[in-house]
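Peer 1: Attaching a single structure in structure tokens format; questions to follow.
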Amino acid sequence: MSGDESDRPTQSLSDDDRALLEDLLAGKHRALARVISKIEDRSPGYRALVSELYSHTGEADVIGITGSPGAGKSTLVDKLAETYRERGETVGIIAIDPSSPFSGGAVLGDRIRMASTVGDMDVFVRSMSARGTLGGLSTATADAVKAMDAFGKDKIIIETVGAGQNEIDIVRTADTVAVLVPPGSGDDVQTLKAGILEIADIFVVNKADRDGADRTVQELREMINLGEDGGAGPGAGAGHHGVGATTESEKPNAGADEDDSDGDADDSWRPPIVETVATTGDGVADFVDELAAHRDYLVDSGTLADNARQRYAEEIRTHLREDVHALLEEQLERAGGVDDLAEAVRRGETDPYSIVDDVLEPVEACVGDLETDLADGERGDRGDE
């Protein structure tokens, strides 16, 4: 329901966009770049183009990498991509950068750290702007993931900017979320605990060759165990997929009771802790193995399909919010513009509630007509039977 009536998702593709889609599906990287640009710029026809992508998606493994500033995300993503390429897999990287306050475009400061895969056409790197969204991810990011998925990338890595409570939007886009925690004091980990730690499927203590790494690992392990005991940590049920199970690579602390008397601990996922040194590549292979283990868990438990349904439900809600907002803005303009309406309120001629009722009245009437048409159509279908 955007303001551009010609850009409905039900509209058929133009000849140029049809050719662009065919080039993308044929594996032409230039077409992939053009499609993502079209998506990010919200160019005319992009919705019809994205709609066509859906039937070609669902095969890629989408990995989210987030964590506090300075944790070494870009360097680790670079090494991760290099490792996947050594294993014969193709990679797409979406690096979410802060938005420029002037142009709204991405600030590309960290891309210089992704150097190992430069020149490798099977590693496609795209920086995108966060565009001021609270979670650091824009709607365009999810659409860009679909473009890379339809293109045929085996692994799609999303690196998000910064860390914090609002970063949890990455959960709605990635299948597996890895949270990087640099060596530091307990206060640093406690600060993160309130939000970012709770979304982790895997914890990565990067820069593990620095002082304090062992302490950070121990603090993370204690938080996981505290959550499993009913505390307020990652195991408290607020995480990405829930925790509680024990993976082979991350057993409970020494002295903990490892007996699974209930027999159902394996129904959930306990985040492992991996130590890496991204600058040298140490521990990256272990990280890749844990990512694969989590993928296997998602598939075997049916969680992958559940998450996909939740993701599409959220996409539907997001698009509805955006389109209804645009529709209401148009209605406000037809009613005289919000500034004039606000002035009328100031003069005591009306009030905000009355204005909202007046603006919504034709929208509600339209929805009512639509419900009637749908009901009539259903009755007609039953009559045909």
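Peer 1: Step through the table entries LYS155/LYS207; LYS38/LYS146; LYS28/LYS155; LYS28/LYS146, compare each Cα-Cα distance with 21 Å, and write down the pairs that go over it. Mind showing how you got there, number by number?
Peer 2: On the way: LYS155/LYS207 24 Å; LYS38/LYS146 13 Å; LYS28/LYS155 17 Å; LYS28/LYS146 15 Å.
Flagged as over cut-off: LYS155/LYS207.
Peer 1: Additional query: Give, in nm to one decimal, the length gained when the segment between GLN218 and ALA365 is fully stretched (0.36 nm per residue of separation minus the Cα-Cα distance).
Peer 2: On the way: separation 147, 0.36 × 147 = 52.92 nm, distance 6.00 nm.
Going from the current span to full extension adds 46.9 nm.
Peer 1: Could you state the per residue volume, in Å³, of the convex hull enclosing the Cα atoms of segment 314-384? Each step should come with its number before you reach the end.
Peer 2: Values: hull volume 7.8 nm³, N = 71.
Cα-based convex hull of segment 314-384, divided per residue, equals 109 Å³.
Peer 1: Between ARG210 and MET121, how many nm apart are label points set 7 Å from Cα along the C-beta direction?
Peer 2: Here the modelled spin labels are 3.9 nm apart.
Peer 1: Which distance in nm do the two modelled labels at THR350 and VAL324 give, with both placed 7 Å along the Cα-to-Cβ direction?
Peer 2: 2.1 nm
Peer 1: To the nearest 20 Debye, how big is the dipole of segment 314-384 about its Cα centre, given +1 on the beta carbon of each Lys and Arg and -1 on that of each Asp and Glu? Provide the component values of the computation, followed by the final result.
Peer 2: On the way: 7 positive and 23 negative charges, 39 e Å.
So the dipole magnitude of segment 314-384 works out to roughly 180 debye.
Values quoted throughout were computed directly from the atomic coordinates according to the rules given, and no laboratory measurement underlies them. Quick caveat, the model's predicted, so the values are computed rather than measured. Here Cβ is always computed from backbone atoms with ideal geometry, including for glycine, and neighbour counts include all displayed protein chains.
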